[in-house]
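Participant: One structure follows; several queries about it will come next.
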Amino acid sequence: MPKSSVNLFRINLNPKTVNFLSTNPYNQQPLAQYALMNVQQVNEILAISQQAFDKWKRSSFTRRAHLLEKVADLLDEQIEILSKLISLEMGKPLAESRSEIRKCASVCRFYAGKGEAFLAPEKIATEAEDSGVYFEPTGCVFAIMPWNFPFWQVFRYAAPCLMAGNVCLLKHAPTVTGCALKIEELLLAAGFDEGVFQTVIIDLDLVEPIIEASIISGVAFTGSEAGGAKVAALSAKHLKKVVLELGGSDAFIVLADADLEKAAQMGVLSRMVNSGQACNGAKRFIIERSVFEQFSKLFIAEVSKIRQGDPLDPAITMGPLSRLDLVANLENQLVRTIADGAHIAFRGPSNGCNISPIVLTGVRPGMAAFDEETFGPLAALIIAEDAADAVRLANLSRYGLAASLWSADKEKVKAMVHELEAGNVFVNAVVRSDSRLPFGGIKKSGYGRELSKYGIHEFVNIKTFYIES
């Protein structure tokens, strides 16, 4: 079915047909217009998904792997135009956009190479002649994805789902509709059959009818805690499997024996990458009191090197926030935190979506910057009395996505890893998603896992077989 497509260089605005207008967050200039799909169009797409699944589930692992490899090749070949599309639609610097595209190619190649082994039948010894489990596709997995990593969020769900023999239906964030349509175009160009991967451009009122549709076997949601709760409720209502990757207020713990210079450099990277719009970015910096002042100076010195501006300018190191409402929300959190007694240790200029880094000290539990997820370039520096207090403060959160722990004492940190309430703990390294490792959280950060063999098993039927002689 024909869909709108992004034209990066010429925009033809027709007020009579505009249902959604995307804008460049850096300068608020219009990029493209899109017409929302109606119920009839969505039903046609669901029917196409059913037809595609009936064929795709019988495809060989060899063919699935070949097509994923082809997608990876196309991502590499088109990296410049794809990176520019990301930077224009959501505002990250071109260098970060290129890294995102490379990561998407990597995850395609990872599942192309490993998927068949991950899904190989497993024998389980019983009194039967033969018994064990098969891993089989279940249908169409409906993804509701955010704008902050517009290609990566999609590919880390789609690559394992497609390799498993499922088909995919994507509802992307409206602000990155061009990216969504381009992803579908890439898969078709690689040779995937029509309907194996489709994008719907819809409003929220059509989300539940899609989840309810018989072809939909599962839902993958990445986004806010509030959005995740709604999607979980709808999925439960219609008895559909759901994987939720939600918010985080990740702790970045610095103990007194850490390499403070490296920790400060990597801490700034983790907090400010993607303009602070990353669920697994460090947000609460919990530092032992004896090195708090020294670390704070090093951290602020690194932050002061950041150059915010036009994401297409190769000289800048941080782009704008993606939407004006995100700016307003961050400013609200900042005002409330300051009112409760925190102090601004560093703040650059701001204009529209162009927000420079902010560093707060004196942050304590009960303040917005401690208790809430801050989605933007705001770092909260927090004092811990010792290692045990650092763990206590880190766990004093309703979120449990990830944590980063910095110390030279390997034995001490191994014990601390077990004590931290998080789905991911990285020691002397920043938290990142890696195709080889499962990614996901606990508590209000969601449930289920993406990536690795655990991610590909989320949306398959683990079918028991038992054969007597």
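Participant: Scan the stretch 444-469 for residues that are under 16 Å from residue 400 (Cβ atoms), in a loop (DSSP other than H, G, I, E, B) and among the charged types (D, E, K, R) and jot them down.
Facilitator: Passing the criteria: 444, 449.
Participant: Scan the stretch 10-27 residue by residue and report those that are under 28 Å from the mean Cα position of the chain (by Cα), at pLDDT below 95 and assigned to a loop (DSSP other than H, G, I, E, B).
Facilitator: Result: 19, single match.
Participant: Taking the options 74, 31, name whichever one is under 19 Å from residue 150 (Cβ atoms), outside the structural domain of residue 324 (by TED's automatic domain parsing) and part of a strand (DSSP E or B).
Facilitator: 31
Participant: Taking the stretch 212-228, which residues are within 21 Å of the chain's Cα centre (by Cα) and under 22 Å from residue 455 (Cβ atoms)?
Facilitator: 218, 219, 220, 221, 222, 223, 224, 225, 227, 228
Participant: Might you check whether a residue that is out of contact with any helix residue (DSSP H, G or I) (no Cβ under 7 Å at 6 or more places or on another chain) and closer than 28 Å to residue 307 by Cβ occurs anywhere in the stretch 362-380?
Facilitator: Checking the stretch 362-380: at least one residue is out of contact with any helix residue (DSSP H, G or I) (no Cβ under 7 Å at 6 or more places or on another chain) and closer than 28 Å to residue 307 by Cβ.
Participant: Right, another one. Just a yes or no: is a residue in the stretch 112-124 β-branched (Val, Ile, Thr) and touching a residue at least 12 places away in the same chain (Cβ under 8 Å)?
Facilitator: no
Participant: Return the pair list, or none, for Cβ contacts closer than 6 Å from residues in the stretch 35-64 that are in contact (Cβ under 8 Å) with a residue 40 or more places away in the chain and under 18 Å from residue 187 (Cβ atoms) to residues that are assigned to a helix (DSSP H, G or I) and of a type outside the set (A, V, I, L, M), at least 6 apart or on different chains.
Facilitator: Once the first residue is in contact (Cβ under 8 Å) with a residue 40 or more places away in the chain and under 18 Å from residue 187 (Cβ atoms) and sits in the stretch 35-64, its partners that are assigned to a helix (DSSP H, G or I) and of a type outside the set (A, V, I, L, M) give 61/116.
Participant: Would you check if there is a residue in the stretch 285-302 being surrounded by fewer than 23 Cβ atoms within 10 Å (Cβ to Cβ) and in a loop (DSSP other than H, G, I, E, B)?
Facilitator: Looking for residues that are surrounded by fewer than 23 Cβ atoms within 10 Å (Cβ to Cβ) and in a loop (DSSP other than H, G, I, E, B), one finds none in the stretch 285-302, hence no.
Participant: Could you give every pair whose Cβ atoms fall below 7 Å, whose first residue belongs to the stretch 192-209 and is on the phi > 0 side of the Ramachandran plot, and whose second residue is assigned to a strand (DSSP E or B), counting only separations of at least 6 or pairs across chains?
Facilitator: Every condition considered, the pairs that remain are 195/167.
Participant: Considering only residues that are closer than 19 Å to residue 188 by Cα and either among the basic types (Lys, Arg) or touching a residue at least 60 places away in the same chain (Cβ under 8 Å) (or both), which ones fall in the stretch 74-101?
Facilitator: 74, 75, 78, 81, 82, 85
Participant: Turning to a different aspect of this structure: So, in the stretch 383-397, how many residues would count as being crowded, with 21+ Cβ neighbours inside 10 Å and of a type in the set (D, E, K, R)?
Facilitator: 0
Participant: Just need a number here: residues in the stretch 319-340 that are more than 21 Å from residue 150 (Cα to Cα) and either among the acidic types (Asp, Glu) or in contact with a Pro (Cβ under 7 Å, 6 or more places away or on another chain) (or both).
Facilitator: The qualifying residues number 2.
Participant: Do we find that residue 232 is touching a Phe, Trp or Tyr at 6+ places or on another chain (Cβ under 7 Å), touching a residue at least 12 places away in the same chain (Cβ under 8 Å) and either more than 14 Å from residue 429 (Cβ to Cβ) or assigned to a loop (DSSP other than H, G, I, E, B) (or both) in this structure?
Facilitator: no
The values are calculated or read from the model by the stated rules, or taken from the named source; none is laboratory data. Everything numeric in this text was worked out from a predicted model, so none of it was measured. Cβ coordinates were reconstructed from backbone atoms using ideal geometry, including for glycine residues, and neighbour counts include every protein chain displayed.
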